[in-house]
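Step one of this worksheet: look at the structure below.
The values are calculated or read from the model by the stated rules, or taken from the named source; none is laboratory data. On a predicted model such as this, the values are computed, not experimentally measured, just so you know. Reconstructed Cβ throughout: ideal geometry from the backbone, glycine too, with neighbour counts over all protein chains shown.
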Amino acid sequence: MKIFIVGVGMDGDLTLTIQAKNVIENADVLIGSERAVKPFSGLCKRVFYCWKASEIKEILSNNLFYNAAILLSGDSGFFSAAKSLSAELCGHEIEIICGISSPSYFCAKIKKPWQQMKFISLHGEKNSIVRAVCENEFCFFLLGGEVTPAEICAKLCEFGREKIRVYIGENLAYPSEKITVGSAEELTKIECSSLCVLVTENPDFERVKSVGIADEKFLRGDVPMTKSAVRAAIISRLEIPGRGVCWDIGCGTGSVSVEMALQCGSGTVFAIEKNDTASELTQKNLLKFGCDNVEIISGSAPGILQNLPAPDRVFIGGSGGKLSEIIDVIFEKNKHCKIAVTAVCIDTLSECLDALKAHGISSPEIIQLAVSRAEFVGGHAMLRAENPIFLITANGGD
(Lines give C-alpha, C1' and ligand atoms only; values in the text may rest on other atoms or scores of the structure.)
Protein backbone atom coordinates (compact mmCIF):
# COMPACT_ATOMS: atom_id res chain seq x y z
CA MET A 1 0.00 0.00 0.00
CA LYS A 2 1.18 3.49 -0.85
CA ILE A 3 -0.08 6.40 1.22
CA PHE A 4 -0.42 9.94 -0.11
CA ILE A 5 -0.76 12.87 2.29
CA VAL A 6 -2.42 15.51 0.15
CA GLY A 7 -2.88 19.23 0.70
CA VAL A 8 -6.16 20.10 -1.03
CA GLY A 9 -5.89 23.89 -0.82
CA MET A 10 -8.52 26.18 0.65
CA ASP A 11 -11.62 24.58 -0.81
CA GLY A 12 -10.64 21.39 -2.66
CA ASP A 13 -11.81 22.96 -5.93
CA LEU A 14 -10.46 26.29 -7.20
CA THR A 15 -7.25 25.93 -5.18
CA LEU A 16 -6.65 22.23 -5.89
CA THR A 17 -3.43 21.53 -7.80
CA ILE A 18 -3.46 19.22 -10.83
CA GLN A 19 -1.04 16.85 -9.06
CA ALA A 20 -3.36 16.58 -6.05
CA LYS A 21 -6.36 16.07 -8.32
CA ASN A 22 -4.66 13.16 -10.11
CA VAL A 23 -3.66 11.48 -6.84
CA ILE A 24 -7.19 11.77 -5.44
CA GLU A 25 -8.79 10.38 -8.60
CA ASN A 26 -6.47 7.34 -8.57
CA ALA A 27 -6.80 6.58 -4.85
CA ASP A 28 -8.80 3.59 -3.55
CA VAL A 29 -9.86 5.41 -0.39
CA LEU A 30 -10.11 9.00 0.84
CA ILE A 31 -9.51 9.81 4.50
CA GLY A 32 -9.80 13.16 6.22
CA SER A 33 -12.07 15.67 7.94
CA GLU A 34 -15.48 16.13 6.40
CA ARG A 35 -14.53 19.59 5.14
CA ALA A 36 -11.45 18.26 3.36
CA VAL A 37 -13.12 15.17 1.84
CA LYS A 38 -16.62 16.47 1.00
CA PRO A 39 -15.64 18.19 -2.30
CA PHE A 40 -14.73 14.73 -3.68
CA SER A 41 -17.87 12.87 -2.62
CA GLY A 42 -18.91 12.53 -6.27
CA LEU A 43 -15.95 10.25 -7.07
CA CYS A 44 -17.72 7.18 -5.61
CA LYS A 45 -14.78 6.06 -3.48
CA ARG A 46 -14.61 4.61 0.00
CA VAL A 47 -14.49 7.48 2.46
CA PHE A 48 -13.51 7.70 6.13
CA TYR A 49 -14.17 10.95 7.99
CA CYS A 50 -11.27 10.97 10.41
CA TRP A 51 -8.38 13.28 11.27
CA LYS A 52 -6.58 11.73 14.27
CA ALA A 53 -3.30 10.03 13.30
CA SER A 54 -3.89 7.00 15.55
CA GLU A 55 -7.37 6.41 14.10
CA ILE A 56 -6.11 6.76 10.53
CA LYS A 57 -3.39 4.22 11.28
CA GLU A 58 -6.01 1.78 12.57
CA ILE A 59 -8.15 2.22 9.44
CA LEU A 60 -5.19 1.52 7.15
CA SER A 61 -4.10 -1.46 9.27
CA ASN A 62 -7.54 -3.09 9.14
CA ASN A 63 -8.17 -2.63 5.41
CA LEU A 64 -6.35 -3.55 2.22
CA PHE A 65 -5.82 -0.64 -0.16
CA TYR A 66 -3.31 -0.13 -2.96
CA ASN A 67 -3.40 3.68 -2.87
CA ALA A 68 -4.74 5.64 0.08
CA ALA A 69 -5.12 9.43 0.07
CA ILE A 70 -5.24 11.33 3.35
CA LEU A 71 -6.63 14.78 2.62
CA LEU A 72 -5.57 17.85 4.59
CA SER A 73 -6.92 21.35 4.06
CA GLY A 74 -4.49 24.01 2.88
CA ASP A 75 -0.88 22.94 2.46
CA SER A 76 0.66 19.82 4.01
CA GLY A 77 3.58 21.87 5.36
CA PHE A 78 1.74 24.73 7.09
CA PHE A 79 0.52 23.92 10.64
CA SER A 80 -0.60 20.61 9.23
CA ALA A 81 -1.13 17.11 10.56
CA ALA A 82 1.32 15.79 7.96
CA LYS A 83 4.20 15.62 10.45
CA SER A 84 2.33 13.53 13.03
CA LEU A 85 0.81 11.35 10.30
CA SER A 86 4.23 10.64 8.79
CA ALA A 87 5.54 9.57 12.19
CA GLU A 88 2.49 7.39 12.93
CA LEU A 89 2.63 5.68 9.50
CA CYS A 90 6.41 5.35 9.30
CA GLY A 91 6.25 1.69 8.27
CA HIS A 92 4.47 2.54 5.00
CA GLU A 93 5.57 4.12 1.75
CA ILE A 94 4.49 7.76 2.05
CA GLU A 95 4.46 10.61 -0.44
CA ILE A 96 3.48 14.15 0.55
CA ILE A 97 1.67 16.29 -2.02
CA CYS A 98 1.81 20.01 -1.33
CA GLY A 99 -1.20 22.28 -1.66
CA ILE A 100 -1.96 25.99 -1.77
CA SER A 101 -1.64 27.41 1.74
CA SER A 102 -3.79 30.08 3.32
CA PRO A 103 -0.83 32.54 3.52
CA SER A 104 -0.11 32.12 -0.19
CA TYR A 105 -3.76 32.57 -1.14
CA PHE A 106 -4.64 35.39 1.26
CA CYS A 107 -1.47 37.44 0.73
CA ALA A 108 -2.08 37.33 -3.01
CA LYS A 109 -5.58 38.68 -2.33
CA ILE A 110 -4.32 41.60 -0.21
CA LYS A 111 -1.27 42.12 -2.45
CA LYS A 112 1.31 41.68 0.31
CA PRO A 113 4.57 39.68 0.21
CA TRP A 114 4.84 36.90 2.75
CA GLN A 115 8.44 35.67 2.58
CA GLN A 116 9.33 37.51 5.80
CA MET A 117 6.07 37.07 7.69
CA LYS A 118 5.91 35.72 11.21
CA PHE A 119 3.48 32.77 11.20
CA ILE A 120 1.50 32.13 14.37
CA SER A 121 -1.15 29.50 14.97
CA LEU A 122 -3.88 30.33 17.48
CA HIS A 123 -5.79 27.21 16.51
CA GLY A 124 -5.97 25.59 19.92
CA GLU A 125 -2.57 27.03 20.89
CA LYS A 126 -1.53 29.85 23.22
CA ASN A 127 0.95 32.28 21.69
CA SER A 128 2.03 35.86 22.23
CA ILE A 129 0.12 38.26 19.98
CA VAL A 130 1.29 41.79 20.80
CA ARG A 131 4.96 40.86 21.16
CA ALA A 132 4.92 39.15 17.76
CA VAL A 133 3.29 42.22 16.16
CA CYS A 134 5.85 44.52 17.79
CA GLU A 135 8.76 42.44 16.48
CA ASN A 136 7.59 41.95 12.87
CA GLU A 137 6.43 44.09 9.98
CA PHE A 138 3.90 41.41 9.01
CA CYS A 139 2.33 38.67 11.14
CA PHE A 140 0.01 35.94 9.85
CA PHE A 141 -2.38 34.49 12.44
CA LEU A 142 -4.05 31.18 11.70
CA LEU A 143 -7.33 31.23 13.62
CA GLY A 144 -10.21 28.81 14.08
CA GLY A 145 -9.81 28.18 17.80
CA GLU A 146 -11.11 30.22 20.72
CA VAL A 147 -9.30 33.48 19.81
CA THR A 148 -11.27 35.72 17.45
CA PRO A 149 -10.11 38.62 15.23
CA ALA A 150 -12.02 41.03 17.49
CA GLU A 151 -10.08 39.76 20.53
CA ILE A 152 -6.76 40.19 18.72
CA CYS A 153 -7.67 43.77 17.81
CA ALA A 154 -8.82 44.50 21.37
CA LYS A 155 -5.54 43.19 22.75
CA LEU A 156 -3.53 45.37 20.38
CA CYS A 157 -5.54 48.37 21.58
CA GLU A 158 -5.00 47.43 25.22
CA PHE A 159 -1.23 47.58 24.65
CA GLY A 160 -1.41 50.91 22.82
CA ARG A 161 -1.07 49.44 19.31
CA GLU A 162 -4.51 50.58 18.09
CA LYS A 163 -3.18 52.02 14.79
CA ILE A 164 -1.81 48.66 13.56
CA ARG A 165 -3.33 47.80 10.18
CA VAL A 166 -5.30 44.55 10.16
CA TYR A 167 -6.44 42.32 7.28
CA ILE A 168 -9.04 39.62 7.97
CA GLY A 169 -9.91 36.83 5.53
CA GLU A 170 -13.00 34.66 6.06
CA ASN A 171 -14.00 31.47 4.23
CA LEU A 172 -11.15 31.81 1.76
CA ALA A 173 -11.86 30.53 -1.80
CA TYR A 174 -15.49 29.74 -0.91
CA PRO A 175 -18.45 31.66 -2.42
CA SER A 176 -18.89 33.35 0.99
CA GLU A 177 -15.30 34.64 1.03
CA LYS A 178 -14.97 38.02 2.74
CA ILE A 179 -11.95 40.28 3.23
CA THR A 180 -11.98 43.15 5.75
CA VAL A 181 -9.28 45.80 6.17
CA GLY A 182 -8.96 48.42 8.90
CA SER A 183 -7.04 49.54 11.97
CA ALA A 184 -7.11 47.49 15.16
CA GLU A 185 -9.28 50.10 16.90
CA GLU A 186 -11.82 49.97 14.05
CA LEU A 187 -12.23 46.19 14.24
CA THR A 188 -12.58 45.44 17.97
CA LYS A 189 -16.28 44.60 17.53
CA ILE A 190 -16.08 42.67 14.26
CA GLU A 191 -17.88 39.32 14.06
CA CYS A 192 -16.25 36.73 11.81
CA SER A 193 -16.64 33.16 10.64
CA SER A 194 -14.64 30.61 12.61
CA LEU A 195 -12.84 29.76 9.36
CA CYS A 196 -10.61 32.81 9.09
CA VAL A 197 -7.08 34.20 9.08
CA LEU A 198 -5.64 37.56 10.09
CA VAL A 199 -2.60 39.57 8.97
CA THR A 200 -1.13 42.55 10.83
CA GLU A 201 1.04 45.21 9.22
CA ASN A 202 3.36 47.24 11.45
CA PRO A 203 5.74 49.57 9.58
CA ASP A 204 7.24 50.70 12.90
CA PHE A 205 8.23 47.21 14.03
CA GLU A 206 11.24 46.75 16.31
CA ARG A 207 14.31 46.39 14.12
CA VAL A 208 16.70 45.53 16.95
CA LYS A 209 16.45 43.62 20.23
CA SER A 210 17.32 46.19 22.86
CA VAL A 211 19.50 45.27 25.84
CA GLY A 212 20.07 47.69 28.69
CA ILE A 213 17.15 49.98 27.84
CA ALA A 214 17.70 53.53 29.12
CA ASP A 215 16.33 53.99 32.63
CA GLU A 216 14.29 57.05 31.71
CA LYS A 217 12.18 55.03 29.25
CA PHE A 218 10.59 53.12 32.13
CA LEU A 219 7.80 54.40 34.36
CA ARG A 220 9.45 54.62 37.76
CA GLY A 221 7.35 55.87 40.68
CA ASP A 222 8.91 55.18 44.09
CA VAL A 223 9.69 51.55 43.35
CA PRO A 224 13.37 50.43 43.19
CA MET A 225 14.60 49.58 39.71
CA THR A 226 17.55 47.57 38.41
CA LYS A 227 19.59 50.12 36.47
CA SER A 228 20.39 49.91 32.77
CA ALA A 229 24.05 48.83 32.97
CA VAL A 230 23.23 46.11 35.49
CA ARG A 231 20.25 44.90 33.43
CA ALA A 232 22.45 44.63 30.36
CA ALA A 233 24.91 42.43 32.26
CA ILE A 234 22.11 40.25 33.66
CA ILE A 235 20.47 39.66 30.27
CA SER A 236 23.83 39.03 28.61
CA ARG A 237 24.81 36.34 31.10
CA LEU A 238 21.43 34.62 31.22
CA GLU A 239 21.50 33.96 27.44
CA ILE A 240 17.70 33.81 27.27
CA PRO A 241 16.25 31.43 24.64
CA GLY A 242 13.56 32.71 22.28
CA ARG A 243 11.01 30.14 23.47
CA GLY A 244 12.07 29.86 27.08
CA VAL A 245 10.30 30.16 30.42
CA CYS A 246 11.77 32.90 32.61
CA TRP A 247 11.17 33.98 36.19
CA ASP A 248 11.87 37.49 37.47
CA ILE A 249 11.64 37.24 41.25
CA GLY A 250 11.06 40.58 42.96
CA CYS A 251 10.31 42.33 39.68
CA GLY A 252 9.85 45.86 41.13
CA THR A 253 9.19 48.20 38.19
CA GLY A 254 9.33 45.26 35.77
CA SER A 255 12.43 46.53 33.95
CA VAL A 256 14.13 43.10 33.95
CA SER A 257 10.84 41.41 33.07
CA VAL A 258 10.56 43.68 30.02
CA GLU A 259 14.12 42.94 28.94
CA MET A 260 13.53 39.20 29.37
CA ALA A 261 10.30 39.44 27.38
CA LEU A 262 12.04 41.18 24.49
CA GLN A 263 14.52 38.30 24.29
CA CYS A 264 12.00 35.46 24.53
CA GLY A 265 9.25 36.79 22.26
CA SER A 266 7.82 33.29 21.77
CA GLY A 267 8.24 32.30 25.40
CA THR A 268 6.76 33.38 28.73
CA VAL A 269 8.10 35.51 31.57
CA PHE A 270 6.63 35.21 35.06
CA ALA A 271 7.12 38.43 37.03
CA ILE A 272 6.84 37.65 40.74
CA GLU A 273 6.14 40.54 43.12
CA LYS A 274 4.57 40.79 46.60
CA ASN A 275 4.14 44.58 46.58
CA ASP A 276 0.89 45.70 44.94
CA THR A 277 2.25 49.13 44.00
CA ALA A 278 5.22 47.50 42.26
CA SER A 279 2.92 45.04 40.46
CA GLU A 280 0.81 47.92 39.14
CA LEU A 281 3.92 49.72 37.91
CA THR A 282 5.18 46.53 36.25
CA GLN A 283 1.86 46.20 34.42
CA LYS A 284 2.13 49.78 33.11
CA ASN A 285 5.64 49.11 31.78
CA LEU A 286 4.51 45.88 30.15
CA LEU A 287 1.77 47.78 28.32
CA LYS A 288 4.24 50.47 27.26
CA PHE A 289 6.71 47.99 25.76
CA GLY A 290 4.10 45.64 24.24
CA CYS A 291 4.99 42.65 26.42
CA ASP A 292 1.92 40.42 26.46
CA ASN A 293 4.22 37.43 27.01
CA VAL A 294 4.66 38.40 30.68
CA GLU A 295 2.36 37.17 33.46
CA ILE A 296 2.46 39.00 36.79
CA ILE A 297 2.29 36.69 39.80
CA SER A 298 1.34 38.45 43.04
CA GLY A 299 2.74 36.83 46.16
CA SER A 300 5.88 35.99 48.10
CA ALA A 301 8.59 33.61 47.02
CA PRO A 302 9.32 30.78 47.50
CA GLY A 303 5.76 29.65 48.24
CA ILE A 304 4.20 31.29 45.20
CA LEU A 305 6.72 29.56 42.90
CA GLN A 306 5.46 26.03 43.44
CA ASN A 307 2.62 26.28 40.90
CA LEU A 308 4.68 27.89 38.12
CA PRO A 309 6.08 25.94 35.18
CA ALA A 310 9.73 24.93 35.40
CA PRO A 311 12.00 27.83 34.42
CA ASP A 312 14.85 27.87 31.93
CA ARG A 313 16.21 31.17 33.26
CA VAL A 314 15.71 33.00 36.58
CA PHE A 315 16.70 36.42 37.85
CA ILE A 316 16.49 37.05 41.59
CA GLY A 317 16.45 40.76 42.30
CA GLY A 318 14.63 40.56 45.61
CA SER A 319 14.34 37.54 47.88
CA GLY A 320 12.73 38.88 51.06
CA GLY A 321 15.32 37.04 53.13
CA LYS A 322 14.43 33.68 51.54
CA LEU A 323 17.24 33.40 49.01
CA SER A 324 18.33 29.86 49.93
CA GLU A 325 14.75 28.54 49.85
CA ILE A 326 14.11 30.22 46.50
CA ILE A 327 17.21 28.65 44.97
CA ASP A 328 16.09 25.26 46.33
CA VAL A 329 12.74 25.57 44.53
CA ILE A 330 14.37 26.66 41.28
CA PHE A 331 16.65 23.64 41.10
CA GLU A 332 13.86 21.30 42.23
CA LYS A 333 11.87 22.52 39.23
CA ASN A 334 14.80 22.35 36.80
CA LYS A 335 18.23 21.21 37.91
CA HIS A 336 19.73 22.65 34.70
CA CYS A 337 18.25 26.13 35.13
CA LYS A 338 20.53 29.13 34.68
CA ILE A 339 20.17 31.81 37.36
CA ALA A 340 21.40 35.33 38.02
CA VAL A 341 21.34 36.99 41.43
CA THR A 342 22.19 40.58 42.34
CA ALA A 343 23.46 41.46 45.80
CA VAL A 344 24.33 44.78 47.37
CA CYS A 345 25.45 43.35 50.72
CA ILE A 346 28.33 40.96 51.41
CA ASP A 347 25.94 38.94 53.58
CA THR A 348 23.63 38.32 50.60
CA LEU A 349 26.61 37.30 48.46
CA SER A 350 27.70 34.81 51.13
CA GLU A 351 24.19 33.38 51.49
CA CYS A 352 23.95 32.95 47.72
CA LEU A 353 27.27 31.12 47.53
CA ASP A 354 26.26 28.77 50.34
CA ALA A 355 22.93 28.04 48.66
CA LEU A 356 24.60 27.29 45.33
CA LYS A 357 27.22 25.10 47.00
CA ALA A 358 24.40 23.02 48.52
CA HIS A 359 23.41 22.18 44.93
CA GLY A 360 26.92 21.23 43.86
CA ILE A 361 27.79 24.60 42.31
CA SER A 362 31.10 25.59 43.84
CA SER A 363 32.41 28.02 41.21
CA PRO A 364 29.70 30.41 40.01
CA GLU A 365 30.67 33.52 38.08
CA ILE A 366 30.90 36.56 40.35
CA ILE A 367 31.47 40.08 39.10
CA GLN A 368 31.15 43.44 40.80
CA LEU A 369 29.58 46.22 38.80
CA ALA A 370 30.61 49.74 39.81
CA VAL A 371 28.89 52.23 37.50
CA SER A 372 29.56 55.95 37.46
CA ARG A 373 27.51 58.40 35.39
CA ALA A 374 28.57 61.80 34.16
CA GLU A 375 26.63 64.85 35.27
CA PHE A 376 27.43 68.25 33.81
CA VAL A 377 27.90 70.98 36.40
CA GLY A 378 28.97 74.45 35.32
CA GLY A 379 30.12 73.12 31.96
CA HIS A 380 32.21 70.36 33.56
CA ALA A 381 31.56 66.61 33.57
CA MET A 382 31.39 65.23 37.09
CA LEU A 383 31.24 61.48 37.68
CA ARG A 384 28.75 60.31 40.29
CA ALA A 385 29.07 56.71 41.43
CA GLU A 386 26.10 54.39 41.87
CA ASN A 387 26.12 51.69 44.53
CA PRO A 388 28.37 48.78 43.51
CA ILE A 389 26.49 45.53 42.94
CA PHE A 390 27.59 41.91 42.93
CA LEU A 391 26.19 39.82 40.06
CA ILE A 392 26.30 36.05 40.59
CA THR A 393 25.42 33.73 37.71
CA ALA A 394 25.34 29.95 37.77
CA ASN A 395 24.27 26.98 35.66
CA GLY A 396 22.46 24.24 37.50
CA GLY A 397 23.86 20.79 36.90
CA ASP A 398 27.39 22.09 36.21
Restrict the check to the stretch 104-113 and report whether at least one residue is surrounded by 17 or more Cβ atoms within 10 Å (Cβ to Cβ) and under 19 Å from GLY182 (Cα atoms).
-> yes
Hits in the stretch 123-151 - residues which are within 19 Å of ALA261 (Cα to Cα) and either touching a residue at least 40 places away in the same chain (Cβ under 8 Å) or in contact with a strand residue (DSSP E or B) (Cβ under 6 Å, 6 or more places away or on another chain) (or both) = ASN127, SER128, ILE129, VAL130, ARG131, ALA132, VAL133, CYS134, GLU135, ASN136, GLU137, CYS139
Kindly list the number of the only condition in (1) in a helix (DSSP H, G or I); (2) farther than 30 Å from ILE168 by Cβ that fails for ALA36.
-> (2)
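Among the strands (runs of 3 or more DSSP E) lying completely within the stretch 106-220, list those that include at least 1 residues that are among the small types (Gly, Ala, Ser), over 26 Å from GLN283 (Cβ atoms) and not assigned by TED's automatic domain parsing to the domain that holds LEU238.
Working: elements: 118-121, 138-142, 165-170, 178-183, 196-201.
In the stretch 106-220, the matching strands (runs of 3 or more DSSP E) lie at 118-121, 165-170, 178-183.
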Taking the stretch 83-102 and keeping residues surrounded by fewer than 21 Cβ atoms within 10 Å (Cβ to Cβ) and either in contact (Cβ under 8 Å) with a residue 40 or more places away in the chain or assigned to a strand (DSSP E or B) (or both) leaves SER86, LEU89, HIS92, GLU93, ILE94, GLU95, ILE96, CYS98
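Yes or no: LYS227 in contact with a helix residue (DSSP H, G or I) (Cβ under 8 Å, 6 or more places away or on another chain) and surrounded by fewer than 16 Cβ atoms within 10 Å (Cβ to Cβ)?
Criteria not met by LYS227.
Where in the stretch 277-395 are the strands (runs of 3 or more DSSP E), entirely inside, with at least 1 residues that are touching a residue at least 40 places away in the same chain (Cβ under 8 Å), buried (at least 17 other Cβ atoms within 10 Å of the Cβ) and aromatic (Phe, Trp, Tyr)? Lay out the reasoning, then the answer.
On the way: elements: 294-298, 313-316, 338-343, 365-369, 372-377, 380-385, 389-395.
Correct list: 313-316, 389-395.
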Out of (1) closer than 25 Å to GLU177 by Cβ; (2) in contact (Cβ under 8 Å) with a residue 12 or more places away in the chain, the one LYS21 does not meet is (2)
